[in-house]
Structures are given as C-alpha cells and as structure tokens.
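A short write-up of the structure that comes next.
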Amino acid sequence: MSEDSEVIVDLIAGWASGAVSVTCTQPMDTVLTRIQAKVDLSPNTSTAAAKIRVANINNSFGSRTIHSTKSLVMNSGMPSLWRGSSAMIGAIPFQNALLMAGYGYGKRWCEEYNPNSVLLGVFVGGCTGGFVQSILMSPVELIKVNQQVAGKSLSSATSLVATGIFSKSVAWRGLEATLLRDGIQHGV
C-alpha cells in the first residue's frame, strides 16, 4: 500500500472511530454537562439555595445521573441526549489530523536537536499536537456545551449557538485552559 493510501485509510478510520465513540458516549457527556451546569459555585450563593436545588435528588451514588437522564428525556425527548454531538462528529477528523501533524512536527523537531532522547521527542510531539488541536477544539467544545445546556429544542439550540458564538467574539473563551489541559495531556 502506498503512503498516500495509508494516510487516506488513517483519516477514514479516524473519522469513523471518532464518530462512533461520540455517538456512543454523548448521552453521558450531555448528562454530566447539565449536572455540572446546575451547580452554582459563586461566593454569593447561600447554602440554603444550594440545598433547595438538590433537595429532591437522593444523594446515593448514581442517583443524580439517573434523575438527570430521566428528566432530560421526559422534558426534551430521547434525541436531547445527543445535544452537542454534531459539533464533535464534524470536528473529530480535523482534530485527529491536527493532532497527528503537530505530533509529527514536534517529535521531528525535538529529535533533530536531541537525537538520543526518544521519550523527550514523544513528549514534545504530543504536547505540540495537543496545543495545535486545541485551537480547533476550544470553540467546538464551547458550541457543544452551549447546545447541551440550552433549554430550548435541539434545533433551536443548535441555530442559536451557531449564530451567537462567533458574533459575540467568545469562540475561543477558555482557550488557555484547553491549551494547558490538552497540550500536557497529549504529551504524557
């Protein structure tokens, strides 16, 4: 198989595996995001108000997740569990391409200046790939989270988020944290 064919196979496999993984795991990601979005961590929140919000939810392990999942399905229908997945499925091939290109560049650069350290090359390559893909994924994750916590129908949430996120210049909100989280994570 030629090198060009291998690249095409890798891209198709990356796209397919990413789409399947997002499709399978998106419901729990949506539930998790909605649970986390309901927690008010501001210093002005009274303890009583926080207790009122969770009063009807049993605090045993998993009960909040089960309650949130049932509530989301009952109020918004089964498709609401996949809110935000279109952004992730659309971005995964590009994320993988940027990650692999950044990894290769960083690893080659490091090996050029320090050919005796294989592990350093892997670390620098991973960090480089993580940093590069973060530039794409930061706005994609912002879109996903906004779709997941929107209280409107899925189609309304999608159009609202798509039009508002770039017009308000917030597309890369959280980029610094994403760079640190993904850059170091991919290096290790």
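A short reminder: the numbers here are calculations on the coordinates, not readings from a lab. Predicted model only: the values in this text are computed from it and were never measured. Reconstructed Cβ throughout: ideal geometry from the backbone, glycine too, with neighbour counts over all protein chains shown.
Which length gain, in nm to one decimal place, applies between ILE184 and SER63 when the Cα-Cα distance is subtracted from 0.36 nm times their residue separation?
Going from the current span to full extension adds 40.2 nm.
Kirkwood hydrodynamic radius, computed over distinct alpha-carbon pairs, for the stretch 99-148: how many Å, to one decimal?
Value: 11.6 Å, from the Cα pair sum.
Measuring from label point to label point, each 7 Å out along Cα→Cβ, what is the GLN36 to LEU119 span in nm?
Label at GLN36, label at LEU119, 3.1 nm between them.
Can you give the FRET efficiency to the nearest 0.05 for SER71 and THR23, using r as the Cβ-Cβ distance and R₀ = 22 Å?
Efficiency computed from Cβ-Cβ geometry: 0.50.
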